């Protein structure tokens, strides 16, 4: 129908009698058009600017003259046109009021933006660490009760909320740096405004403390509070804060949260709050804390290797800026290999055969995989370094699968 209407405009422009505009408007208010006179006259104005007066006159002649059948045809088509014209839409399109595909794409884009904002590798690491450390509090199979799963869920959700606050605050404080180092993040790319970022981090901070308070576990609440203090001091740009500018202090913040708070506080949450047992620091817990101290230092050092360009521009004196990418890279590899060596020796000294076999074999395999992968990394490629950094997080996840088996 639209093609027939547009076609009539091209034919009308070739010739024919030219009507005066005032005559056209006069006819516009006559006959069957009285009920919609205002809308139709607005439509003719749009027609005039769109196609010229000659085209309108020819269309009007065809609409009012000729047979009844033709008049009926054009009137029916005219009604469709008037809906579009009075709504201010182009003549050639008739948009649908509801487009499920467009809505679904908007939802997917929103989920994707939040996924990138949440820094999923840190969320996965937090969840795995809590589950793994919680299993260290299990003494027999009867401990794997609904009470255990409820306690773990409370800890994971509260820590997840705090994790969003910490990584979100870091992005709010580093928008200009991330435009160089991580332009795909929502705040750096402009997908999120600063106001949206503030609203998200504030909401998740409140939800985290609220859940910690409602649960009533003091180890859990203090874990959230210390994480909040260190995460805020690490990122926020205020006097005496923004500790990330100091390489040593930044590493200590990450070590304190990842190696100490996560291991001890969440273990005590399960031990004291869930199982109502006295605090006790077992051999596996001490191993987990010591091993993850090495791993946390490596993560703190390695995360700055692919970010060297932005850190130089904005005066962040990381170890990578001071010592160079290659040197810091091999320091990280050496620290992890040392940690795996200690884990193998500890596993070999275990009195449980299953624990001995799994921990020795598992840590040996991880050490070999790490070494082989490290030798093939192109340190001149930011993409290769970033990929290897994500590989280190995978080793971090794998370790939390082995820790519950250390006995």
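The values are calculated or read from the model by the stated rules, or taken from the named source; none is laboratory data. What you are looking at is a predicted structure, and each value in this text was computed from that prediction instead of being measured. Because the Cβ atoms are built from the backbone with ideal geometry, glycine has one as well, and the counts that use them run over all protein chains shown.
Brief remarks on what is shown
- Residue within the stretch 210-220 that is loosely packed, with under 14 Cβ neighbours inside 10 Å and over 30 Å from residue 138 (Cβ atoms) present: no
Conditions tested, residue by residue: (1) in the same structural domain as residue 163 (by TED's automatic domain parsing); (2) buried (at least 17 other Cβ atoms within 10 Å of the Cβ); (3) within 23 Å of residue 397 (Cα to Cα).
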| site | (1), (2), (3) |
| --- | --- |
| 107 | no, no, no |
| 111 | no, no, no |
| 120 | yes, no, yes |
| 124 | yes, no, yes |
| 133 | yes, yes, yes |
| 136 | yes, yes, yes |
| 140 | yes, no, no |
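- Residues satisfying the stated conditions in the stretch 274-286, i.e. under 21 Å from residue 398 (Cα atoms) and crowded, with 20+ Cβ neighbours inside 10 Å: 284, 285
- Some residue of the stretch 363-375 being modelled with pLDDT under 90, more than 28 Å from residue 309 (Cβ to Cβ) and surrounded by fewer than 14 Cβ atoms within 10 Å (Cβ to Cβ): no
- Checked against the criteria, residue 360 does not count as surrounded by 14 or more Cβ atoms within 10 Å (Cβ to Cβ) and modelled with pLDDT of 95 or more.
For every residue, the table says whether it meets (1) part of a helix (DSSP H, G or I); (2) closer than 25 Å to residue 283 by Cα.
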| residue | (1), (2) |
| --- | --- |
| 344 | yes, yes |
| 347 | yes, yes |
| 359 | yes, yes |
| 362 | yes, yes |
| 365 | yes, yes |
| 380 | no, no |
| 394 | yes, yes |
| 402 | yes, yes |
| 407 | no, yes |
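- In the set (1) buried (at least 20 other Cβ atoms within 10 Å of the Cβ); (2) more than 27 Å from residue 389 (Cα to Cα); (3) under 18 Å from the mean Cα position of the chain (by Cα), residue 168 fails one condition alone, (2).
- Residues of the stretch 305-320 that are surrounded by fewer than 21 Cβ atoms within 10 Å (Cβ to Cβ) and free of Cβ contacts under 8 Å to residues at least 60 places away in the same chain: 308, 312.
- Test result for residue 299, without any contact (Cβ under 8 Å) to a residue 60 or more places away in the chain, touching a helix residue (DSSP H, G or I) at 6+ places or on another chain (Cβ under 7 Å) and not assigned by TED's automatic domain parsing to the domain that holds residue 261: no
- The residues of the stretch 336-350 that are surrounded by fewer than 18 Cβ atoms within 10 Å (Cβ to Cβ) and in contact (Cβ under 8 Å) with a residue 24 or more places away in the chain, listed by number, are 337, 338, 341, 342.
- So residue 331, is it surrounded by fewer than 18 Cβ atoms within 10 Å (Cβ to Cβ) and not assigned by TED's automatic domain parsing to the domain that holds residue 248: yes
- Taking the stretch 92-102 as the range and being touching a helix residue (DSSP H, G or I) at 6+ places or on another chain (Cβ under 8 Å) and either modelled with pLDDT of 90 or more or surrounded by 10 or more Cβ atoms within 10 Å (Cβ to Cβ) (or both) as the test, the residues that pass are 92, 94.
- Any hit, the stretch 197-211, residues being under 25 Å from residue 293 (Cβ atoms) and either part of a helix (DSSP H, G or I) or free of Cβ contacts under 8 Å to residues at least 12 places away in the same chain (or both): yes
Residue-wise test of (1) outside the structural domain of residue 157 (by TED's automatic domain parsing); (2) over 27 Å from residue 312 (Cβ atoms); (3) at pLDDT 95 or above; (4) part of a helix (DSSP H, G or I).
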residue: 239; (1), (2), (3), (4): no, no, no, no
residue: 244; (1), (2), (3), (4): no, no, no, yes
residue: 249; (1), (2), (3), (4): no, no, no, yes
residue: 258; (1), (2), (3), (4): no, no, no, yes
residue: 262; (1), (2), (3), (4): no, yes, no, yes
